[in-house]
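Encoded as structure tokens, the structure appears first; notes follow it.
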Ligand SMILES: [Zn+2]
């Protein structure tokens, strides 16, 4: 991926190495919102709930020094690319895109959606419109999920930004309002549709980023697809439980995630991402 030449976003908040403070928003509504609405990319919601207790954050392997600095620059560059594309697409619709912040953290963090540990993976919090990312997730992507490469990482960021787009369009709120009004299985279904739409939006971003900036190199699309596939719920459940329980899917299967990412990538058209009215996912 040719990310070096572009500008760097100023919307990255570096909170690595900062004490997370004494404010515990976790538990109660905040935690529920975090578990149910905020997209947990590759994370296990149960792990999050278990952490809602008073356990100290688990130690995580952090890349150090120069590697971390370069990763941060990479994140700033990709975030800038998402800003440029989404500002443009929103403008075309007569809307104004509000840039989200992206918070880098180490180990654990307090967000407006509650306390979170890096084990949940990157997530977007609609309440403060911020993406939260522990850079060690990129290591995990490479080793645990076998999805190496810079474009795999860019896909992860673009997916979270996809949730921000959904938030701006009022889609996340609509889904959230259904919570408690429909069965848990039905709510999971809505949640899958929300996730697959974020995948499609990640593809829409890649389409336009390529057109505007010629970012993609040979093999990049495959890296993105591998990441989309690797963090599908069926794969993760197979890894963690050894079997697949479709009713509890909240992100969609590997095949579905690849399909929706591809659709956005091929068309560059947001309206192609209407997963809520799609008869087949
Ligand atoms: Zn998500």
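Taken together, the values in this text are just the output of simple stated rules run on the coordinates, not laboratory data. Please read these numbers as outputs of a predicted model, since none were measured by experiment. Glycine gets a Cβ as well: all are built from the backbone with ideal geometry, and neighbour counts include every protein chain shown.
Structural remarks
- Two-site FRET efficiency, residue 248 against residue 15, from Cβ-Cβ distance with R₀ of 30 Å, rounded to 0.05: 0.40
- According to the Kirkwood relation over distinct C-alpha pairs, the hydrodynamic radius of the range 130-184 is 13.1 Å.
- Residue 184-residue 276 pseudo-label distance in nm [points 7 Å out on the Cα-to-Cβ vector]: 2.4 nm
- Diffusion constant of the range 59-145 at 10 °C, which comes from Stokes-Einstein with the Kirkwood Cα-pair radius and 1.306 mPa s, µm²/s: 111 µm²/s
- Cα-based shape type of the range 62-209, given that a ≥ b ≥ c are square roots of the gyration tensor eigenvalues and the cut on a/c is 1.5: oblate
- Net lengthening on full extension, residue 214/residue 173 (0.36 nm per residue, minus Cα-Cα): 11.3 nm
- In terms of its C-alpha gyration tensor, the range 140-281 comes out oblate, because a/c is 1.5 or above while a/b does not outweigh b/c.
- Shape class of the range 188-232 from the alpha-carbon gyration tensor: oblate, with a/c at 1.5 or above and b/c at least as large as a/b.
- Label point at residue 73 placed 7 Å out along Cα→Cβ; residues across the range 95-135 whose backbone nitrogen lies under 19 Å: 104, 135
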